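Please read the structure below before turning to the comments.
The values are calculated or read from the model by the stated rules, or taken from the named source; none is laboratory data. Since the model is a prediction, treat every value here as computed from it, not as a measurement. In this analysis, Cβ positions are derived from the backbone assuming ideal geometry, glycine residues included, and neighbour counts consider all displayed protein chains. Only protein heavy atoms, including side chains, enter the accessible area calculation; ligands, DNA and RNA are left aside. Shrake-Rupley method; radii C 1.70, N 1.55, O 1.52, S 1.80 Å.
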Amino acid sequence: MLRKLFIISSIAMIVYMDGRSQSITGRPLSLQECVQTAIENNLDVKQSDLSMERAGVTMRQSKANLLPNIGGEINHTLNQGRSIDLSTNSYVNQQQTSGSYSLSGNVTLFNGLRLLNTLKSSQYAYEASKMELQTSKDQLMLNVILAYLQILSSTDLLQQAQKQVDVTQKQVERLEVMNQEGAIKPSDLSDMKGQLADNKVTIINSQNNLDAARLALSQLMNVQYNRELQVERLRADQVEMNYTTLPDSIFSIALQQLAIIKAADLRTKSAEKAVQAARGSLFPSVGLGAGFYTPYSSTARDSSNRKIEYYDQLSNNYRTYVGVGISIPIFNNLRYRNQIALAKIDLKSASYTAQTKQIQLKQNIEQDHFNMTAAKNRYQALLEQVAAYTESFRAAEARFNAGATTSIDYLIAKNNLDRANVNLIIARYDYILRTKILDYYQGKPLW
């Protein structure tokens, strides 16, 4: 029965994984689906999630440290020879059975607020770990967006290369007919065939680049590579072609939005509370304790030398206690002082890290905004260039078809247009990537 159940479970798992693989590769994926799949499957993100859970356990333990500590103890002993009779607290030299039962508890009333500050420190650390988990997701998301746009860019470049081949192929076919009729120079045909071969090499390179982009995205999503993987095109409303937000405004928003900045600030606050907790070790500690204890002895006798029964001993011999104790640190090899010094160093380190994160963020925003502006200007210039080269190629093609110019002039005009179209595609996706990064800084939706 177990063997059949195992086989059925294995088949179900295989079917599930195969169906999941088909759902990932059987239709174009949206950017949101790619990001969600990558986050679900990424082991680094899962490690960050475990770190967050570990910080949560530490925080819960810090809370539990404020509760009383209660414990019980039960002892039963079979004694041979000389031992102490628990009922009379005197020595006896005979076999006896003894037992004791106790319940005690203690609670810290004051210890320089060390427990409270430790709790606050662990709470900040837990919140910081949440933000660090989000940072891990954000970094993965940016990598997925880059790979996603690379697929779109490579797809457009491949289509452009295929168009180049189609145009050149038609010219080759036309020139072959004319060459058979002796209407052109043979060099015109050979030049065009060389151009066709060059265009075919471009297709191969473009296809390789597209496959590499698909592989990169598959690896980021941690799914099996499929050469037919497709992604959805970006809609026009998903691309802001007139980005007007200034770097200072983006930076101000990012300080409030980005998880990496929040995590650094929370780590600093956690370190501040850790310093206060370390200082609490220098103060006296006040504790309250209470307990209950009762013994039993098989040799216990009353005044008439009759054996005292078990339950009578438990009820007659019990005692309770309650007390307050103070522990005063006087000298402990400077251990507490050095713990405070180390906590202060950790605080400075956390503060420097937070400042560094803000400086890096500001510099990255300025650099990305500069790159976005440059990509936009380049894209707009290339639009004009493509329009101009399109007209030049149209005229050159008409003259070449009419036999009014050489193949060299035709190929120069064609290559100029092809190169401009390729540069335009690259510039467009470069601009889109820069705007997506700036949107990320501001916490805007990326899909």
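Whether any residue in segment 248-264 is among the β-branched types (Val, Ile, Thr) and either assigned to a loop (DSSP other than H, G, I, E, B) or open to solvent by 80 Å² or more (accessible area, probe 1.4 Å) (or both) is what I want to check. Looking for residues that are among the β-branched types (Val, Ile, Thr) and either assigned to a loop (DSSP other than H, G, I, E, B) or open to solvent by 80 Å² or more (accessible area, probe 1.4 Å) (or both), one finds none in segment 248-264, hence no.
Could you say whether any residue in segment 115-126 is crowded, with 18+ Cβ neighbours inside 10 Å and among the basic types (Lys, Arg)? Among the residues of segment 115-126, at least one is crowded, with 18+ Cβ neighbours inside 10 Å and among the basic types (Lys, Arg), which makes the answer yes. Scanning segment 165-217 for residues that are part of a helix (DSSP H, G or I), of a type in the set (Lys, Arg) and open to solvent by 60 Å² or more (accessible area, probe 1.4 Å) returns 170, 174, 193, 200.
List, please: which pairs have Cβ atoms under 9 Å, are six or more places apart or on different chains, and start with a residue in segment 228-251 that is over 26 Å from residue 216 (Cβ atoms) and at pLDDT 70 or above and end with one that is aliphatic (A, V, I, L, M) and surrounded by fewer than 17 Cβ atoms within 10 Å (Cβ to Cβ)? The qualifying pairs are 245/253. Can you find a residue in segment 70-85 that is hydrophobic (A, V, I, L, M, F, W, C), closer than 30 Å to residue 317 by Cα and either open to solvent by less than 100 Å² (accessible area, probe 1.4 Å) or without any contact (Cβ under 8 Å) to a residue 12 or more places away in the chain (or both)? Yes, because at least one residue in segment 70-85 is hydrophobic (A, V, I, L, M, F, W, C), closer than 30 Å to residue 317 by Cα and either open to solvent by less than 100 Å² (accessible area, probe 1.4 Å) or without any contact (Cβ under 8 Å) to a residue 12 or more places away in the chain (or both). Within segment 253-265, the set of residues being under 21 Å from residue 346 (Cα atoms) and more than 17 Å from the chain's Cα centre (by Cα) comprises 265 only. Does residue 308 satisfy the condition of being in contact with a helix residue (DSSP H, G or I) (Cβ under 7 Å, 6 or more places away or on another chain), touching a residue at least 40 places away in the same chain (Cβ under 8 Å), open to solvent by 20 Å² or more (accessible area, probe 1.4 Å) and more than 30 Å from residue 158 (Cβ to Cβ)? So residue 308 does not fit the description; no. Restricting attention to segment 410-445, the residues being surrounded by fewer than 17 Cβ atoms within 10 Å (Cβ to Cβ) and outside any helix (DSSP H, G or I) number 3.
Could you check segment 311-347 and list, in sequence order, the residues that are without any contact (Cβ under 8 Å) to a residue 12 or more places away in the chain and aromatic (Phe, Trp, Tyr)? Correct list: 311, 331. Residues in segment 218-233 that are touching a helix residue (DSSP H, G or I) at 6+ places or on another chain (Cβ under 7 Å) and open to solvent by less than 60 Å² (accessible area, probe 1.4 Å): 220, 221, 223, 226, 229, 231.
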